[in-house]
């Protein structure tokens with residue numbers, strides 16, 4: 001994770017949304033995988049909140065992309081909040097593997 005991000009917060013409504021694509025545990029696996037670290041790409045901010053596309057692999061080997069924002073207000077300050085999650089396309093997977101050599 002980028003230095004100012006202290007963890008991850010997945011709101012209950014997002015858990016239901018993610019269930020169609022990935023388990024919340026898989027999101028945490030991607031964000032915390034030290035053997036195969038996630039690739040964090042900064043994108044256009046959403047208001048004042050920094051936004052990222054996070055490319056990574058679960059412990060089971062699934063390639064996921066997780067768009068999200070960094071929350072700036074207490075009590076959730078500096079937590080990454082995923083907006084959605086999905087499988088990477090072949091092109092995204094190739095990009096991730098090239099960048100993570």
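The values are calculated or read from the model by the stated rules, or taken from the named source; none is laboratory data. What you are looking at is a predicted structure, and each value in this text was computed from that prediction instead of being measured. Note that each Cβ is placed from the backbone with ideal geometry, even for glycine, and that neighbours are counted across all protein chains shown.
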*Which one is surrounded by the most Cβ atoms within 10 Å (Cβ to Cβ) among residues in segment 12-48 that are under 17 Å from residue 76 (Cα atoms), at pLDDT below 90 and in contact with a strand residue (DSSP E or B) (Cβ under 7 Å, 6 or more places away or on another chain)?*
14
*Quickly run through segment 1-11 and pick out the residues that are within 21 Å of residue 92 (Cβ to Cβ) and either surrounded by fewer than 17 Cβ atoms within 10 Å (Cβ to Cβ) or at pLDDT 90 or above (or both).*
2, 8
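If you take the residues in segment 19-42 that are out of contact with any helix residue (DSSP H, G or I) (no Cβ under 6 Å at 6 or more places or on another chain) and assigned to a helix (DSSP H, G or I), which one is farthest from residue 84 (Cα to Cα)? Steps first, please.
Narrowing segment 19-42 to residues out of contact with any helix residue (DSSP H, G or I) (no Cβ under 6 Å at 6 or more places or on another chain): 19-23, 25-37, 40-42.
Retained after the next criterion (residues that are assigned to a helix (DSSP H, G or I)): 25-32.
Numbers: 25: 14, 26: 12, 27: 10, 28: 13, 29: 15, 30: 13, 31: 14, 32: 17 Å.
Among those residues, the one meeting the criterion is 32.
Could you please find all residues in segment 50-61 being exposed (fewer than 14 other Cβ atoms within 10 Å of the Cβ) and out of contact with any helix residue (DSSP H, G or I) (no Cβ under 7 Å at 6 or more places or on another chain)? Spell out how you get there, then give the answer.
Kept after step one, since they are exposed (fewer than 14 other Cβ atoms within 10 Å of the Cβ), are these residues of segment 50-61: 59-61.
Once the filter is applied, which keeps residues that are exposed (fewer than 14 other Cβ atoms within 10 Å of the Cβ) and out of contact with any helix residue (DSSP H, G or I) (no Cβ under 7 Å at 6 or more places or on another chain), segment 50-61 yields 60, 61.
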_Looking at the structure I just gave you, is residue 31 at negative phi and free of Cβ contacts under 8 Å to residues at least 24 places away in the same chain?_
no
*Can you pull out the residues in segment 85-101 that are surrounded by 15 or more Cβ atoms within 10 Å (Cβ to Cβ) and assigned to a loop (DSSP other than H, G, I, E, B)?*
85, 88
*Restricted to segment 62-84, and to residues that are assigned to a strand (DSSP E or B) and free of Cβ contacts under 8 Å to residues at least 60 places away in the same chain, which residue is farthest from residue 7 (Cα to Cα)?*
63
